[in-house]
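Asker: Below you will find the structure I want to go over with you.
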Amino acid sequence: MRGQANPHVARLRKHIGDIKITAGDLLDQGSLISAVERVQPDEVYNLGAISFVPLSWQQAELTAGVTGMGPLRMLEAIRVVSGISQSRTPDPRAQIRFYQASSSEMFGQVRETPQNELTPFHPRSPYGVAKAYGHFITQNFRESYGMFAVSGILFNHESPRRGPEFVTRKITLGAARIKLGLATELRLGNLDARRDWGFAGDYARAMHMMTVADTPEDYVIGTGVTQSVRHLVKLAFDTVGLNWEDHVVLDPKYNRPAEVDLLCADPKKAREQLGWEPDVTFEELVAMMVESDLKLLDGSSGEEFGTDHW
Ligand SMILES: Nc1nc2c(ncn2[C@@H]2O[C@H](COP(=O)(O)OP(=O)(O)O[C@H]3O[C@H](CO)[C@@H](O)[C@H](O)[C@@H]3O)[C@@H](O)[C@H]2O)c(=O)[nH]1
């Protein structure tokens, strides 16, 4: 929402208790239309997806339905409720704005480094392919109907709230468990993969900035610094005063059928046009996550945060 003075804020608060849209609703055009009708939002942020890349090989069709077709259904819901058609374009001041969570996974086997808004896509997983569809259909609705629809091509963004299946949290939880005597080893896959990791809070700020901007455009959001999984492991174990090589075990079951070897953002457009800059460095992010997991696990059996399943 664009501020407290906005009359929709009160209405949204009133409805928020009984309207919950989950990723599963992205399969159902009707429930999206009825949610848009009832909430009458100023802004819609589509962050719903099957977002864990390995799962997308096991559930390829579901991933296409939720992660790929979901944005189309959301855009259609906004278009239908707003009465937009080829012959009736929206009033730019009064229309519902749409944000699509596009992903750096679309770059996949990268054609150039760093990656910017014009870098061609070569996705390497059913997830990446589905995200590419979501990206292009968002662009298409903007170009076809004049809708305010934007995509943020976000590189990996992390925080202490990250799911334990993703590598950052798996590592920070693993280091904390070993430090507290709850485990002795951490099993991982490809340590050579490189990612551009940033703090999720900084990226949420970027999502909002591009959605309330004067013109609808797509932006790459990342730090511009790439790190290996190996370096991430070393940093997390250094934070708890342990040598990672004494504890990390390579397990091929965590390798992917097709890997994305290297991602690194060129966030120049977001910096110059939106004035967006990340505040939290990679080192601060890792320390924040390790410290949070030490606190979380202290005094627990650690069983509910085991890391061997993913
Ligand atoms: N999850 C996981 N990844 C591992 C492991 N060992 C090595 N890795 C490597 O760590 C890298 C990062 O994996 P994830 O943290 O699972 O994230 P991701 O595949 O890069 O995808 C995330 O970022 C995308 C943005 O680029 C998001 O779009 C996606 O939803 C997800 O959040 C991959 O190259 C993966 O092979 C492991 O045990 N578990």
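The values are calculated or read from the model by the stated rules, or taken from the named source; none is laboratory data. Just so it is clear, the structure is predicted and the values come from calculations on it, not from any experiment. Using ideal geometry, Cβ is built from the backbone for each residue, glycine included, and neighbour counts are taken over all protein chains shown.
Asker: Just one of (1) crowded, with 19+ Cβ neighbours inside 10 Å; (2) away from the ligand (no atom under 15 Å from the Cβ); (3) in a loop (DSSP other than H, G, I, E, B) trips up G241, so point out which.
Answerer: The number of the failed condition is (1).
Asker: Condition check: aromatic (F, W, Y) and within 26 Å of R93 (Cβ to Cβ). Does Y219 satisfy that?
Answerer: yes
Asker: Which of the residues belonging to the stretch 43-69 are under 16 Å from A204 (Cα atoms) and not small (G, A, S)?
Answerer: E43, V44, Y45, N46, L47
Asker: For L27, state whether it is crowded, with 19+ Cβ neighbours inside 10 Å and either touching a Lys or Arg at 6+ places or on another chain (Cβ under 8 Å) or under 25 Å from A94 (Cβ atoms) (or both).
Answerer: no
Asker: Can you give me the number of residues within the stretch 37-72 that are away from the ligand (no atom under 11 Å from the Cβ), surrounded by fewer than 21 Cβ atoms within 10 Å (Cβ to Cβ) and either within 27 Å of E259 (Cβ to Cβ) or among the charged types (D, E, K, R) (or both)?
Answerer: Of the residues in that region, 14 qualify.
Asker: More than 25 Å from the chain's Cα centre (by Cα), in contact (Cβ under 8 Å) with a residue 60 or more places away in the chain and farther than 13 Å from A176 by Cβ: which single residue out of D251, D298, D279 fits that description?
Answerer: Matching residue, one of D251, D298, D279: D251.
Asker: Let me ask something additional. Has the stretch 105-112 got at least one residue that is within 15 Å of the ligand (Cβ to nearest atom), more than 17 Å from the chain's Cα centre (by Cα), surrounded by fewer than 17 Cβ atoms within 10 Å (Cβ to Cβ) and farther than 21 Å from F148 by Cα?
Answerer: Looking for residues that are within 15 Å of the ligand (Cβ to nearest atom), more than 17 Å from the chain's Cα centre (by Cα), surrounded by fewer than 17 Cβ atoms within 10 Å (Cβ to Cβ) and farther than 21 Å from F148 by Cα, one finds at least one in the stretch 105-112, hence yes.
Asker: Further question on the same structure: Report, by residue number, each residue of the stretch 138-187 that is within 12 Å of the ligand (Cβ to nearest atom), more than 27 Å from S102 (Cβ to Cβ) and surrounded by fewer than 19 Cβ atoms within 10 Å (Cβ to Cβ).
Answerer: Correct list: R187 only.
Asker: How many of the residues in the stretch 188-220 are within 12 Å of the ligand (Cβ to nearest atom) and within 20 Å of E272 (Cα to Cα)?
Answerer: 4
Asker: Checking the conditions here, which among A77, A132 is away from the ligand (no atom under 11 Å from the Cβ), more than 23 Å from A200 (Cβ to Cβ) and among the small types (G, A, S)?
Answerer: After applying the criteria, what remains is A77.
Asker: Is at least one residue of the stretch 151-167 acidic (D, E), more than 26 Å from S56 (Cα to Cα) and at pLDDT 95 or above?
Answerer: Checked the stretch 151-167: no residue is acidic (D, E), more than 26 Å from S56 (Cα to Cα) and at pLDDT 95 or above.
Asker: Just to verify a result, which residue in the stretch 118-129, among those that are under 17 Å from I221 (Cα atoms) and within 15 Å of the ligand (Cβ to nearest atom), is farthest from the chain's Cα centre (by Cα)?
Answerer: So, considering only residues that are under 17 Å from I221 (Cα atoms) and within 15 Å of the ligand (Cβ to nearest atom), the one farthest from the chain's Cα centre (by Cα) is T119.
Asker: For the stretch 244-268, give me each residue that is surrounded by fewer than 18 Cβ atoms within 10 Å (Cβ to Cβ) and assigned to a helix (DSSP H, G or I).
Answerer: Hits for the stretch 244-268 are E245, D246, P252, K253, Y254, K268.
Results for (1) outside any loop (DSSP other than H, G, I, E, B); (2) out of contact with any helix residue (DSSP H, G or I) (no Cβ under 9 Å at 6 or more places or on another chain), shown as yes or no for each residue.
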| residue | (1), (2) |
| --- | --- |
| L173 | yes, no |
| R187 | yes, no |
| Y203 | yes, yes |
| M210 | yes, no |
| V225 | no, no |
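Asker: Give R230, R256 a once-over and let me know the one that is on the phi < 0 side of the Ramachandran plot, within 14 Å of the ligand (Cβ to nearest atom), free of Cβ contacts under 8 Å to residues at least 40 places away in the same chain and not assigned by TED's automatic domain parsing to the domain that holds T113.
Answerer: Just a single option satisfies the conditions, and that option is R230.
Asker: Next question. Does any residue of the stretch 129-145 turn out to be outside any helix (DSSP H, G or I) and among the hydrophobic types (A, V, I, L, M, F, W, C)?
Answerer: no
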